[in-house]
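Written below as structure tokens is the structure these notes are about.
The values are calculated or read from the model by the stated rules, or taken from the named source; none is laboratory data. Remember, predicted model here, so these are calculated numbers, not experimental data. A quick note on method: Cβ atoms are made from the backbone with ideal geometry, for glycine too, and the neighbour counts reach across all protein chains shown. Quick note on the areas: whole protein, heavy atoms, side chains included, nothing else; ligands and nucleic acids left out. Shrake-Rupley method; radii C 1.70, N 1.55, O 1.52, S 1.80 Å.
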Amino acid sequence: MEIRELPCLIVPCFFEGGRYTVNDIHYVAEGDQLVPAAQTPYAGDAAFGYRHSNLRDWVVEKSAGRVRRDAVATVSLADLRRGGPVRVTGLLGALKPGSVCVVNAAEYSDLEVFVLGLLRARAQGHHFLYRTAASFVRVRCGLAPRRLLDTRDLATDNRNGGLFVVGSYVPKTTAQVAALNAGGDIAVLEIDVGRLLQQDQRDVEVARVTVAMNGCIGAGEDVLLYTSRHLVKGANAAHSLAIGRQVSESLIRVVQGLVHQPRYLVAKGGITSSEVATQGLGVQRAMILGQVLPGVPVWRLGEESRYPHMAYIVFPGNVGDADALVAIRDRLR
């Protein structure tokens with residue numbers, strides 16, 4: 001069976017990041033409140049935004065109507081908690097080729113029941129395509145919870161400064177940047193997005209920031225490098241995506257200009273952390289060591305990378321409280 005013919009399982013629950021799916025609605029924890037995902041700032045992203053919190057409607061939206069709402073199956077909390085693995089196996093075995101199934105989960109025990117039913121369906125010869133967050137991966141791989149990592153696991157033994165690279169622009173990230181900046185004992189470098197978008201200014205801005213970054217890191221100072229906080233949107237989703245790509249490529253050029261290995265490197269933002277790793281550091285393989293904070297994984301970079309064995313902290317944009325970057329830096333000192 002070709003990949004496009006496999007039933008697709010959508011399992012976005014990410015408990016460490018405050019993400020839950022109940023009655024097919026995906027929620028994001030904000031303080032002590034659960035907010036439907038479409039009401040969060042990230043849903044307003046010009047390129048990747050969405051209008052629906054109900055994942056059945058979200059599938060219709062993201063497939064541009066190719067998938068009908070009544071064709072989206074679900075595994076409910078009732079299926080998991082009352083029917084158990086037997087019910088899950090039956091539901092998964094009945095999925096048609098190329099169909100989509102949304103999986104609800106509000107705690108790890110829900111995922112454990114689901115995965116047991118999934119494994120039984122697999123044993124019966126059924127195969128699936130997965131679109132999931134990290135919580136599913138932990139259960140599917142049978143990984144037990146581990147302690148949060150500490151300084152011994154994270155920082156390279158050298159005298160250089162550490163580096164935070166922040167591309168995410170959501171309000172939560174902006175608050176985290178402000179809190180880290182407020183400490184006053186970190187070199188702050190803001191890269192001007194407006195100048196990056198002007199062809200005659202882009203190279204000058206990248207060079208300015210790169211020189212300043214290398215001087216600070218080489219002198220043992222930690223550096224907070226972040227894009228200016230004013231969000232520049234395009235006329236449409238494609239234009240906005242092109243703007244984001246230009247900004248991301250400029251950040252990568254700065255990272256490629258490193259002349260000193262940072263004592264540690266934290267990348268903030270999903271696209272930022274992915275491209276800094278693959279394009280900026282040449283990473284092809286990495287070992288996942290654990291988490292520095294709930295929902296914030298740490299990689300040990302592979303031999304092929306620019307800095308083999310360095311700890312690389314992958315910090316999603318819309319995760320963590322206002323003091324999360326401060327907490328990470330305190331742990332890395």
Inset, instruction - Just grab the label-to-label distance for Ser99 and Cys141, each label 7 Å out from Cα along the Cβ direction, in nm (one decimal). - result: 3.0
Legend entry - Highest average packing first - 137-146, 205-214, Cβ atoms within 10 Å: 205-214, 137-146
Legend entry - Stokes-Einstein translational diffusion, the range 29-104 - Kirkwood Rh over all Cα pairs, 1.002 mPa s, 20 °C, in µm²/s: 151
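Report the equivalent ellipsoid semi-axes for the chain in whole Å, largest first, defined as the square roots of five times the eigenvalues of the gyration tensor built from alpha carbon atoms. Provide the component values of the computation, followed by the final result.
Numbers: eigenvalues 287, 105, 65 Å².
Output for the chain: semi-axes of 38, 23, 18 Å.
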Legend entry - Expected 222 nm ellipticity per residue - DSSP helices of 4 or more, -39500 (n - 2.57), all of the chain, to 500: -10500 deg cm²/dmol
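What does the highest-first list of 294-305, 88-99, 161-172 look like by mean Cβ count within 10 Å? Let's see the in-between values first.
Working: 294-305: 18.2, 88-99: 16.5, 161-172: 22.8.
Sorting 294-305, 88-99, 161-172 by mean packing, highest first, produces 161-172, 294-305, 88-99.
Using Cα-Cα distances under 8 Å and only pairs 6 or more residues apart, what relative contact order does the chain have, in percent? Write down the numbers at each step before the final one.
Numbers: 628 pairs, mean separation 62.6, N = 333.
Relative CO of the chain lands at 19 percent.
If you average the sequence gap of Cα pairs under 8 Å that are 6 or more apart and divide by the length of the range 241-333, what percent do you get for the contact order? Walk me through the intermediate numbers first.
Details: 128 pairs, mean separation 24.2, N = 93.
It rounds to 26 percent for the range 241-333.
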Legend entry - Separation in nanometres of the label points that stand 7 Å from Cα toward Cβ, at His127 and Leu148: 4.1
Inset, instruction - For Ser228 and Leu116, compute 0.36 nm times the residue count separating them, minus their Cα-Cα distance, and round to one decimal in nm. - result: 35.7 nm
Legend entry - Cα centroid separation - the range 170-193 against the range 69-88, whole Å: 44
Inset, instruction - Subtract the Cα-Cα distance of Gln261 and Arg81 from 0.36 nm times their separation in residues, and report this length gain in nm to one decimal. - result: 59.8 nm
Legend entry - Note, ³J(HN,Hα) from phi for the range 268-279, Karplus 6.51, -1.76, 1.60, rounded to Hz, x at Gly and Pro: 10, x, x, 5, 4, 5, 5, 7, 4, 5, 6, 8
Inset, instruction - Rank these residues by their accessible area, most exposed first, probe 1.4 Å: Arg120, Arg195, Arg19, Arg159. - result: Arg159, Arg120, Arg195, Arg19
